[in-house]
Amino acid sequence: MWVNRTRTDIKAIGHYTGVLVAGIGLLMLLPMVVAVFLGEWAVTLDYLCGVTIAVGAGRLLMLSAPAGTRLSHSNALIVTGIAWLAASLAAAVPLALSGNYGSFLDALFDALSGLTTSGLTLVQDLDHMSLAHNMWRHLTHLIGGQGIVVAALSFAIGLRGGAVSLYQAEGRDERIMPNVMHGARFIWFVTAVWVTLGTIALSTLNIVRGMTVVRGGLHAFFATVATFDTGGFGPMSQNALYYHSPVFEFITLLLMLAGTLNFNLHADIWRGDRGELMSNIEARTLAINMGLLSLAVALGLSATKLFGSSWEVVRKGVYHIVSANSGTGHQTLYASQWATDVGGLAFAAVVLAMAFGGMASSTAGGIKALRVGVIVKGVIQKVRQSLAPPSAVIRTKYHHLTEQTLTDELVSGALLVFVLYVVTYISGGLIGAAYGYPMASALFESVSATANVGLSTGITSPMMPTGLKIVYMLQMWAGRLEFITLFAVIASAGLAFRNKKVRAL
């Protein structure tokens with residue numbers, strides 16, 4: 001039975017959407033402070049406009065219902081779906097004013113890409129973009145990586161009436177701590193630790209290699225945020241290739257692995273239970289996946305003779321598989337090389353790594369290792385059942401935080417999301433091909449957008465067709481919400497439209 005939204009429901013949805021949009025506006029104060037500190041006065045005005053519009057629009061929406069209004073789980077799904085679009089619209093305002101985008105749509109593309117930690121970009125002349133604007137681009141990764149709702153919960157920004165529902169609607173069914181607020185704050189604590197360590201390590205490297213303290217420190221912060229939050233933006237157009245450093249690659253490799261780790265596993269490690277990493281089905285599936293695909297990439301790159309030594313083949317291969325699997329999107333190749341120089345086996349392995357994705361309850365995207373592990377276990381169970389006597393009862397156990405029993409419901413749920421991702425991957429590829437791009441490159445780009453990765457063959461650019469920009473934006477949004485929340489928004493909008501037509505008749 002479909003649930004029709006009452007006027008009270010709509011007011012509650014408006015209120016909580018307003019809370020999140022206003023929160024985005026307040027966070028724009030951070031790049032505005034950076035602009036003032038660096039004397040970027042025109043940029044300061046960009047953020048003053050952004051703060052005014054976002055906070056003003058958010059406050060108007062908040063007036064639709066009183067603070068503390070209760071929010072049902074179904075309404076929370078709609079708030080979460082709408083909030084990512086509304087937050088992107090707000091976040092795009094200062095970017096659109098920067099002069100680095102050809103249109104507001106291009107700025108919106110980058111804002112949505114940043115918040116969904118996709119990392120695809122339509123920015124122009126990135127190498128000369130102001131540091132404050134670059135700060136905001138990377139802060140969208142920091143906000144979106146942990147989740148807009150988690151960001152608001154961490155600071156207890158007006159979500160008391162719907163905290164649990166919104167937390168779950170953002171795809172976080174697993175409780176890290178008994179209390180949702182404490183769980184959200186733990187996520188930010190882990191993030192703060194890794195961002196601090198990464199920034200110190202990369203700052204030291206940048207300064208030793210000749211950067212000024214300010215530029216080296218900001219570049220280090222940008223790279224750390226983009227890496228731990230598996231986003232993939234970079235302050236320079238060459239991305240990670242700009243740094244030409246094996247040490248940089250090693251540090252960011254560690255940050256990628258930390259970013260794709262389930263926050264529950266972070267909690268277990270923090271409590272001293274490191275054995276969970278060895279027994280957890282998700283960690284084991286991801287490790288096997290990365291190992292096999294790294295081997296495939298190494299073999300594929302060796303066949304191309306693109307690199308001069310075995311060490312470079314292994315280094316580049318492992319780096320790009322971890323970048324693709326974790327959804328980070330950093331690359332140390334030129335975008336055009338994916339289609340022209342990288343062999344078929346290596347190309348296919350990277351596409352598969354992007355498609356499978358990282359862990360659940362992390363900053364990574366894609367199908368997720370937990371679902372892949374559950375599906376494989378389900379297939380093995382079906383084979384065992386087919387070979388066993390009719391009277392035999394076959395049960396399969398697996399370990400994910402606790403010992404669990406595999407059920408048909410779990411397997412069917414994992415298969416449903418798996419199929420939705422695959423259909424979206426292929427559909428986006430076909431649309432890209434219909435616009436005249438090579439099918440292999442179009443599929444690569446489609447998987448990258450849907451899995452929120454950010455690796456690109458060069459299709460994503462300010463010059464690509466407007467229709468394809470919109471398609472990739474929808475894919476980034478759908479992939480971040482893992483479809484169900486998106487379907488809830490579409491269904492509710494359809495019901496509202498139908499009811500409006502019925503009343504008009």
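The values are calculated or read from the model by the stated rules, or taken from the named source; none is laboratory data. Small disclaimer: the values here were computed from a predicted structure and weren't measured. Because the Cβ atoms are built from the backbone with ideal geometry, glycine has one as well, and the counts that use them run over all protein chains shown. Heavy atoms of the whole protein, side chains included, go into the accessibility calculation; ligands, DNA and RNA do not. Shrake-Rupley method; radii C 1.70, N 1.55, O 1.52, S 1.80 Å.
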- prompt: Which members of segment 55-66 meet the condition of being in contact (Cβ under 8 Å) with a residue 40 or more places away in the chain, closer than 20 Å to residue 93 by Cβ and surrounded by 14 or more Cβ atoms within 10 Å (Cβ to Cβ)?
  reply: 58, 59, 61, 62
- prompt: Going by the structure shown, is residue 14 farther than 25 Å from residue 74 by Cα and in a helix (DSSP H, G or I)?
  reply: no
query: Since residue 217 meets every condition but one in (1) assigned to a helix (DSSP H, G or I); (2) in contact (Cβ under 8 Å) with a residue 40 or more places away in the chain; (3) farther than 16 Å from residue 330 by Cβ; (4) not β-branched (Val, Ile, Thr), which condition does it not meet?
result: (2)
Restricting segment 233-262 to residues that are surrounded by 24 or more Cβ atoms within 10 Å (Cβ to Cβ) and polar (S, T, N, Q), the residue that is nearest to residue 124 (Cα to Cα): 239
field: Residue list for segment 374-393, restricted to those being outside any helix (DSSP H, G or I), aliphatic (A, V, I, L, M) and open to solvent by 40 Å² or more (accessible area, probe 1.4 Å)
entry: 392, 393
query: Out of all the residues in segment 89-131, which are modelled with pLDDT under 95, part of a helix (DSSP H, G or I) and in contact with an Asp or Glu (Cβ under 9 Å, 6 or more places away or on another chain)?
result: 131
message: One residue is enough: does segment 303-312 have a residue meeting the conditions within 22 Å of residue 227 (Cβ to Cβ) and among the aliphatic types (A, V, I, L, M)?
response: no
- prompt: Among the helices (runs of 4 or more DSSP H) contained in segment 245-364, which hold 3 or more residues that are under 30 Å from residue 405 (Cα atoms) and of a type outside the set (A, V, I, L, M)?
  reply: 263-270, 275-279, 281-304
query: If we keep just the residues of segment 41-54 that are of a type outside the set (S, T, N, Q) and open to solvent by 40 Å² or more (accessible area, probe 1.4 Å), which is nearest to residue 484 (Cα to Cα)?
result: 53
field: Any chance residue 430 is at pLDDT below 90, farther than 27 Å from residue 283 by Cβ and open to solvent by 50 Å² or more (accessible area, probe 1.4 Å)
entry: no
message: Being in contact with a Pro (Cβ under 8 Å, 6 or more places away or on another chain), open to solvent by 30 Å² or more (accessible area, probe 1.4 Å) and under 25 Å from residue 461 (Cα atoms) is the requirement here; does residue 348 meet it?
response: no
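Residue by residue, here is whether (1) without any contact (Cβ under 8 Å) to a residue 60 or more places away in the chain; (2) of a type outside the set (Gly, Ala, Ser) holds:
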| site | (1), (2) |
| --- | --- |
| 272 | yes, no |
| 280 | no, yes |
| 342 | yes, yes |
| 347 | no, yes |
- request: Could you list all residues from segment 402-413 that are surrounded by fewer than 17 Cβ atoms within 10 Å (Cβ to Cβ) and not small (Gly, Ala, Ser)?
  value: 402, 403, 404, 405, 407, 408, 409
message: I need the full set of residues from segment 113-133 which are among the polar types (S, T, N, Q) and surrounded by 24 or more Cβ atoms within 10 Å (Cβ to Cβ), in order please.
response: 113, 116, 117, 118, 121
- request: Looking only at segment 433-469, count how many residues are without any contact (Cβ under 8 Å) to a residue 40 or more places away in the chain, surrounded by fewer than 22 Cβ atoms within 10 Å (Cβ to Cβ) and touching a helix residue (DSSP H, G or I) at 6+ places or on another chain (Cβ under 6 Å).
  value: 3
query: Are any of the residues in segment 67-87 open to solvent by 20 Å² or more (accessible area, probe 1.4 Å), charged (D, E, K, R), touching a residue at least 40 places away in the same chain (Cβ under 8 Å) and not in a helix (DSSP H, G or I)?
result: yes
- request: Only one of these is surrounded by fewer than 21 Cβ atoms within 10 Å (Cβ to Cβ), modelled with pLDDT under 90 and either over 20 Å from residue 189 (Cβ atoms) or in contact with a Leu (Cβ under 9 Å, 6 or more places away or on another chain) (or both): 292, 277. Name it.
  value: 277
